[in-house]
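Notes follow the structure.
The values are calculated or read from the model by the stated rules, or taken from the named source; none is laboratory data. The structure presented is a predicted model; accordingly, all values stated were derived computationally and were not measured. FYI the Cβ positions are ideal-geometry reconstructions off the backbone, even for glycines, and counts take in every protein chain you see. With ligands, DNA and RNA removed, areas are computed over all heavy atoms of the protein, side chains included. Shrake-Rupley method; radii C 1.70, N 1.55, O 1.52, S 1.80 Å.
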Amino acid sequence: EKSGFKHFMLKEIYEQPKAVGDTIRGLMSSGEEPPFSLKSFRRILIIACGTSYHAGLVGKFWIEKLAGVPTEVVYASEFRYGDFPVGEEDLIIGVSQSGETIDTKFAVNFARERGARTLSIVNVVGSSIDRESDYTLHTHAGPEIGVAATKTFTAQLAALYFLASTEHPDRYKLLEELFKVPARIERTLEKSEAIEKLADRYMNRRDFLYLGRYLSYPIALEGALKLKEISYIHAEGYPAGEMKHGPIALIDEKMPVVVLAPQDRVYDKTLANIEEVKTRKGKVIGVGFEGDDKLEKLCNEFIGVPPIEEDFTPFLTVVPLQLLAYHIASKLGLDVDQPRNLAKTVTVE
Ligand code: M6R
């Protein structure tokens, strides 16, 4: 049931405050604490595909910051055929909305057979990855129908933050902050109309670049994935600092560049990247904090999200990118919920 929304994807974007809130509450009330200490592992490997991989990239920063354990994020399809030394000293975190993605399932099982402990973050209770892992943290996003992952992504972020903070001395303070996220997502959703107007102006572009640093880098990747999978417009996500090592050659007056620039530790560096784009006449669509006049003046277009502590910025900055992809695809008259060539769950290698 689309409950009055034109597409499931839009409905699911709007369900994010609830998905994140339910996930935090669900994990807290069920006392779902992993039966082992993150710090007891020499290394954590996060294994996932697609959007779940992007959630993993954000999770890596949080785990390294809050738990201090070196963490790598690997594409499930690459993990199996590489020669990763993996064993008892490793914790494997499999992230999968469906819990059925074949590459992720194989990779997690491969690591378990070699003695690693396995923890999964899944949305579907009773799915293969849920059943086959040593331990599971469930996201409580509810069923996701649209092929494009939206609410399950922000719910995965909530579960990853919850996990990263388990052994932190200020855990309760951190979780209190996390509980503020759903209301801020709600406020971010109010930007939908403005983003729809932006979509009118940019829907006929052929290529987009998405840039971000640190926690915003995975969000740049996720924004580009959302746009390409539902609108069939070519989009690339890049760490903003890598731009001058190649992609800058693509920039001219026809290239919209979406830059994530919340006021975090890399804010000044990101502003410098925006200047570089502007010098090449690229059109900058900036996503940053409401009231950031300096950023707004620098950009051709500006979307403000409510200010929030650095750690939580990904929960908010991803929302305008989901909406931008959605409105563009919808205006192009495409089958937003069931894009060509894609399946909701990828059960082939
Ligand atoms: O069910 P999973 O989380 O394992 O799925 C992984 C990817 O197939 C999935 O995130 C895919 O990239 C989405 N269509 C992205 O919107």
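A few points about this structure:
- Between Leu332 and Asp170, the simple spin-label model (points 7 angstrom out along Cα→Cβ) gives 4.3 nm.
- Relative protection proxy for 5-17, 314-326, from highest mean packing down: 314-326, 5-17 (other beta-carbon atoms within 10 angstrom).
- His234-Asp207 pseudo-label distance in nm [points 7 Å out on the Cα-to-Cβ vector]: 0.5 nm
- Remark: spin-label model distance Phe106-Glu72 equals 1.9 nm, labels positioned 7 Å along the Cα→Cβ axis.
- Efficiency of FRET between Lys39 and Lys281 - r from beta-carbon atoms, R0 56 angstrom, step 0.05: 0.70
- Taking segment 1-136 as the region of interest, the number of lysine pairs whose Cα atoms are within less than 27 Å, with members eight or more places apart or on different chains, is 9.
- Positive-end extreme of charge dipole, the chain - chosen from Gly246, Ile13, Gly288 (charges on Cβ): Gly246
- Across the chain, Cα-Cα distances exceeding 39 Å account for 10% of all pairs.
- Given +1 at the Cβ of Lys and Arg, -1 at the Cβ of Asp and Glu and no other charges, the dipole of the chain around its Cα centre is 660 debye to the nearest 20.
- For the pair segment 81-133 and segment 138-177, the centres of their Cα atoms are 18 angstrom apart.
- Length gained when the stretch Tyr81-Lys254 is fully extended (0.36 nm per residue, less Cα-Cα span): 58.3 nm
- Test item: Cα-centred dipole of segment 1-153, Lys/Arg +1 and Asp/Glu -1 on Cβ, debye: 340 debye
- Each part gets one Cα centre, and for segment 249-328 versus segment 186-233 those centres are 10 Å apart.
- 1.4 Å probe accessible area per residue over the chain, in Å²: 39 Å²
- Maximal additional length on extending the Glu196-Phe179 stretch stands at 3.3 nm, based on 0.36 nm per residue less the C-alpha distance.
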